[in-house]
Amino acid sequence: MGDRVWVSSIFVNIEIGFKQGTHSKFFGDDWNPASFDIPVEPDEVYSALRRYRCGFALNREDFPEAEAVFDPGRFKKQREIFYVGPFLAVKGEFAKELAGIDLGNGGLIPFTIYATDRITPLQEEFFVLSIGNQKNTFNSERSQNVRKLGVDKNSGHQFWAINGWFKDGEIAVSAEALAGPDLWIEETVNNKLFISNRCAEAIHRVGLSGAFELRECTVL
């Protein structure tokens with residue numbers, strides 16, 4: 001894995017999910033409207049998203065069943081990481097890179113994107129990115145540019161938010177972060193994705209560093 005750890009702000013990078021020209025179908029529901037307006041998802045989708053952002057492994061039925069193009073021009077501008085509904089998805093060289101690293105209880109879940117007729121599947125391979133991993137290595141005392149959120153009633157853990165203007169070296173994790181999966185959520189940190197150096201190198205190779213907005217952590 002290497003001896004470096006990175007934190008990503010991809011969950012708050014609006015450019016990743018901005019007007020992609022596709023719409024989603026969730027299991028048991030009709031297609032979302034073919035519109036650039038943000039759809040009102042079924043309650044179970046929001047519940048699954050909360051678990052997703054906390055690093056819990058989800059079932060296949062929690063993710064979109066399929067996606068369809070409604071604006072081909074916008075769709076052609078889609079990068080190798082994008083959104084299906086509210087979940088991250090990947091394709092192309094980045095999908096191949098991720099297939100070669102340790103995704104732990106997460107993984108790449110194949111799904112179909114259809115043409116505008118919602119019948120003809122596109123030939124390219126697409127995958128939902130299941131995160132599915134948690135670690136508890138964040139060190140709040142040695143971190144900067146963080147603030148307290150609420151306390152979890154079940155675990156008693158204090159939750160933390162990282163300010164948007166944080167810099168390299170300001171977020172501290174213990175050396176235990178170097179072990180285990182290459183992609184994970186820290187149990188006590190809100191809305192950030194943590195990444196091993198091996199995964200960060202893959203992100204750099206495919207030119208997605210800006211999309212992930214990576215900042216290096218201090219490893220204690």
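Couple of notes before you dig in:
- Among (1) in contact with a Gly (Cβ under 7 Å, 6 or more places away or on another chain); (2) not in a loop (DSSP other than H, G, I, E, B) - the single one Asn105 does not satisfy: (2)
- Among (1) under 30 Å from Thr22 (Cα atoms); (2) assigned to a strand (DSSP E or B) - the single one Ala200 does not satisfy: (2)
- Filter pass, Ser140 being among the hydroxyl-bearing types (Ser, Thr, Tyr), without any contact (Cβ under 8 Å) to a residue 40 or more places away in the chain and either surrounded by 15 or more Cβ atoms within 10 Å (Cβ to Cβ) or not in a strand (DSSP E or B) (or both): no
- Filter result for Phe111 (more than 19 Å from Cys54 (Cα to Cα), part of a strand (DSSP E or B) and either open to solvent by 60 Å² or more (accessible area, probe 1.4 Å) or touching an Asp or Glu at 6+ places or on another chain (Cβ under 8 Å) (or both)): yes
Residue-by-condition table, conditions (1) under 16 Å from the mean Cα position of the chain (by Cα); (2) free of Cβ contacts under 8 Å to residues at least 12 places away in the same chain; (3) open to solvent by 30 Å² or more (accessible area, probe 1.4 Å); (4) farther than 24 Å from Glu201 by Cα:
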{"residue": "Gly73", "(1), (2), (3), (4)": "no, no, yes, yes"}
{"residue": "Ala89", "(1), (2), (3), (4)": "yes, no, no, no"}
{"residue": "Phe94", "(1), (2), (3), (4)": "yes, no, no, no"}
{"residue": "Glu97", "(1), (2), (3), (4)": "yes, no, yes, no"}
{"residue": "Gly100", "(1), (2), (3), (4)": "no, no, yes, no"}
{"residue": "Thr116", "(1), (2), (3), (4)": "no, no, yes, yes"}
{"residue": "Pro121", "(1), (2), (3), (4)": "no, yes, yes, yes"}
{"residue": "Glu125", "(1), (2), (3), (4)": "no, no, yes, no"}
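- Residue that is farthest from Ile101 (Cα to Cα) [pool: residues in the stretch 164-191 that are over 18 Å from the mean Cα position of the chain (by Cα) and among the acidic types (Asp, Glu)]: Glu170
- Selection of first residues in the stretch 5-33 that are within 29 Å of Ser174 (Cβ to Cβ) and of second residues that are loosely packed, with under 15 Cβ neighbours inside 10 Å, restricted to Cβ pairs under 9 Å at least 6 apart or on distinct chains, gives the following pairs, ordered by first then second residue: Ser9/Gly164; Ser9/Asn191; Phe11/Asn191; Val12/Gly164; Val12/Asn191; Asn13/Gly210.
- Scan of the stretch 58-71 for residues that are more than 17 Å from the chain's Cα centre (by Cα) and open to solvent by 80 Å² or more (accessible area, probe 1.4 Å), ordered by number: Glu61
- Some residue of the stretch 25-48 being outside any loop (DSSP other than H, G, I, E, B), open to solvent by 60 Å² or more (accessible area, probe 1.4 Å), within 26 Å of Gly180 (Cα to Cα) and not polar (S, T, N, Q): no
- Any hit, the stretch 146-155, residues being among the basic types (Lys, Arg), at pLDDT 95 or above, outside any strand (DSSP E or B) and open to solvent by 50 Å² or more (accessible area, probe 1.4 Å): no
- Here is the figure for the stretch 156-168: residues that are open to solvent by 30 Å² or more (accessible area, probe 1.4 Å), touching a residue at least 12 places away in the same chain (Cβ under 8 Å), not aromatic (Phe, Trp, Tyr) and not in a strand (DSSP E or B) total 4.
- Filter pass, Glu201 being open to solvent by 30 Å² or more (accessible area, probe 1.4 Å) and more than 14 Å from the chain's Cα centre (by Cα): yes
- Test for Gly55: is it of a type outside the set (Ser, Thr, Tyr) and over 18 Å from the mean Cα position of the chain (by Cα): no
The values are calculated or read from the model by the stated rules, or taken from the named source; none is laboratory data. The structure presented is a predicted model; accordingly, all values stated were derived computationally and were not measured. Cβ coordinates were reconstructed from backbone atoms using ideal geometry, including for glycine residues, and neighbour counts include every protein chain displayed. In case anyone asks, the SASA skips ligands and DNA or RNA and just uses the protein heavy atoms, side chains included. Shrake-Rupley method; radii C 1.70, N 1.55, O 1.52, S 1.80 Å.
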